[in-house]
Amino acid sequence: MSEEILAPLAGKIVKSLLKVGDKVEEDAEAFILEAMKMETPVYVPCDGTVQSVNVKVGDEVAEDDILAVIE
Amino acid sequence: MTDIPLTEIPLTEIPLTEIPMIEKLLSLTATTGFLYLTPGMLIMWAIGITLIYLAIAKEYEPLLLLPIGFGILLANLPLTDLMKPDEGLLWKFYHFGIQWEIIPPLIFLGLGALTDFGPLLARPSLIFLGAGAQAGVYFTFFFAHLMGFSIQESAGIGIIGGADGPTTIFLTTKLAPHLLGSCAVAAYSYMALVPIIQPPIMKMLTTPEERVIRMKKSRKVKPLEKLLFPIVSTLVIILLVPASAPLISMFMIGNLFREAKVVERLTHAAQNELLNIVTIFLGLPVGATMNAENFLQPRVIFIFCLGLFAFMISTATGLLLAKAMNLFLKDKINPLLGAAGVSAVPMAARVVHKMGAEADKKNYLLMYAMGPNVAGVIGTVIAAGIFLTLLG
């Protein structure tokens with residue numbers, strides 16, 4: 001079963017903490033998004049392994065864009 | 001030399017080199033400002049330097065408080081005539097920029113180009129929060145008047161509660177120009193202090209259960225809606241409150257540039273170069289109106305207290321209104337959003353987001369809070385327009 005990490009709000013990726021193959025735990029920080037000149041962390045939704053990371057640092061994302069997939 | 005006393009020789013007959021050194025020095029000191037310094041000026045220097053310090057070290061609204069602080073220093077230097085009507089350099093900035101109502105509307109042009117009305121359009125009901133948070137403005141207006149301020153002065157003091165710098169400057173210049181410096185510094189100081197003033201009030205008026213409420217996803221806003229918004233709202237708001245026209249018109253043309261997407265050069269210029277240039281010419285003369293005679297009066301302390309009071313009431317009424325709306329709404333809103341109704345953009349929205357994230361780290365309120373936040377800007381301008389219509 002896989003779960004997607006969606007962008008909770010539009011903004012710019014300033015930090016990407018996941019690598020494909022990483023084992024991650026629920027609530028770990030996955031990305032840092034910058035919106036309105038404020039940095040907002042995006043968290044991992046469930047325990048699992050990172051299957052893909054779809055964005056890189058500097059990307060502008062819209063709300064609900066798929067940032068990564070956890071399996 | 002002879003034995004004749006100096007005083008008995010006609011002045012013209014003494015070779016220049018022979019006037020005693022001391023007299024030359026005296027005539028020189030008379031042309032410097034040192035002899036004309038007053039204790040009040042030195043106190044104003046301390047205030048100016050404090051603002052400069054806060055701007056640099058604490059980054060409290062540095063874009064405004066830095067030039068205002070320096071303007072205060074300049075206004076309290078003797079013999080400069082910088083603020084002398086018709087002659088002084090800073091007087092010219094003040095007169096042609098602020099009194100002629102050019103700079104505050106140009107600031108609004110830039111702000112309009114920077115504002116995304118998307119969050120407001122996604123959930124138009126949140127506009128009530130932006131309106132509700134103006135209650136502090138009116139409350140303080142009546143309160144200041146009861147305390148003995150004239151009705152025009154009270155309007156300028158009340159508008160501080162909107163936490164909107166350019167609107168405060170615009171209104172005070174027209175109604176009570178002698179209070180301009182104090183009201184502007186109060187407004188910008190409280191804007192900088194949003195993250196300190198608001199959270200205790202927000203905690204006091206909301207329960208932990210309310211703070212974790214997650215907002216229902218907003219609908220997607222179509223580009224056409226965003227394009228029509230500045231046009232329609234200009235027509236409606238200016239027809240309703242014609243006196244708000246200078247600020248609203250500039251704000252909305254800036255926003256139209258942004259949403260039209262065909263004049264990116266203009267959008268960019270309004271957001272960056274123009275906004276930066278007018279910011280320089282706004283801060284300096286506002287600071288320069290604060291000379292010692294004008295500012296060092298007990299009533300100025302009252303202005304600062306009343307302004308803070310206005311700002312706190314606005315925060316509280318926004319929160320209470322959000323709670324009241326929840327009584328009728330099926331999808332509850334997070335009442336913290338009410339605090340974003342004050343128009344300090346985007347500081348108030350950021351504070352709401354942080355408070356929400358403190359209660360539940362996966363609750364992202366930022367974009368929802370931007371809705372009442374930008375509505376608050378419009379609300380404050382309308383409040384100023386109503387004051388101008390009634391009292392101008």
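Where a number appears in this text, it was derived from the coordinates with a stated rule and is not lab data. Note that this is a predicted model, so its numbers are computed, not measured. No Cβ is skipped: glycine too gets one built from the backbone with ideal geometry, and neighbour counts run over all protein chains shown.
Miscellaneous remarks
- Pairs from A:K56/B:K222; B:K261/B:K332; A:K12/B:K323; B:K226/B:K330; B:K222/B:K354; B:K217/B:K323 whose Cα-Cα separation, in the structure shown, is over 30 Å: B:K261/B:K332; A:K12/B:K323
- Net charge dipole size for region A:3-70 [Lys, Arg +1 and Asp, Glu -1 on Cβ; Debye, nearest 20]: 340
- Value of [θ]222 nm, deg cm²/dmol, for chain B, DSSP H segments ≥ 4, -39500 (n - 2.57) each, nearest 500: -20500 deg cm²/dmol
- Region B:291-380: C-alpha gyration tensor shape, a/c 1.5 cut-off, then a/b vs b/c: prolate
- Descending semi-axes in Å of region B:145-299, equivalent ellipsoid built from Cα gyration tensor: 32, 25, 17
- Taking the C-alpha atoms only, the angle from helix B:366-391 to the longest principal axis of chain B is near 60 degrees.
- Segments B:65-72, B:258-265 sorted - mean Cβ within 10 Å per residue, highest first: B:65-72, B:258-265
- The long axis of helix B:180-192 is offset from the longest Cα principal axis of chain B by roughly 50 degrees.
- Alpha carbon convex hull of chain B, volume per residue in cubic angstrom: 177
- Viscosity 1.306 mPa s, temperature 10 °C, Stokes-Einstein D of chain A from Kirkwood C-alpha radius, µm²/s: 135
- Relative to the dominant Cα principal axis of chain B, helix B:62-75 is inclined by about 30°.
- Loop-located trypsin sites (Lys or Arg not before Pro) in region B:269-346 (DSSP state not H, G, I, E or B) with no more than 14 neighbouring Cβ atoms inside 10 Å: B:K330.
- At 0.692 mPa s and 37 °C, Stokes D of the protein assembly as shown from Kirkwood alpha-carbon radius, µm² per second: 134
- Given charges at Cβ of Lys, Arg, Asp, Glu: the protein assembly as shown dipole, positive-most of B:F311, B:I127, B:A375: B:I127
- When A:V14, B:V300, B:V381 are arranged by Cβ crowding within 10 Å, least crowded first, meaning fewest neighbours, the order is A:V14, B:V300, B:V381.
- Our compactness index for region B:134-234, the C-alpha radius of gyration over the empirical 2.2 N^0.38 Å, is 1.43.
- Summarising the amide proton neighbourhood of A:V24: residues at separation of 5 or more, or on other chains, whose placed amide H is nearer than 5 Å comprise A:G48, A:T49, A:V50.
- Dividing the Cα radius of gyration of region B:46-173 by 2.2 N^0.38 Å, with N the residue count, gives 1.28.
- Listed from fewest to most Cβ neighbours within 10 Å, the set A:I13, B:I238 follows the order B:I238, A:I13.
- Partner aspartates and glutamates for A:K15 [C-alpha distance under 14 Å; skip if fewer than 8 residues away on the same chain]: A:E29, A:E34, A:E39, A:D59, A:E60
- Sorting B:T50, B:T315 from the fewest to the most surrounding beta carbons within 10 angstrom yields B:T50, B:T315.
- Separation of alpha-carbon centers, region B:179-209 and region B:36-95, rounded to whole Å: 24
- Loop-located GluC sites (Glu not before Pro) in region B:54-135, at most 13 other Cβ atoms within 10 Å (DSSP): B:E59, B:E87
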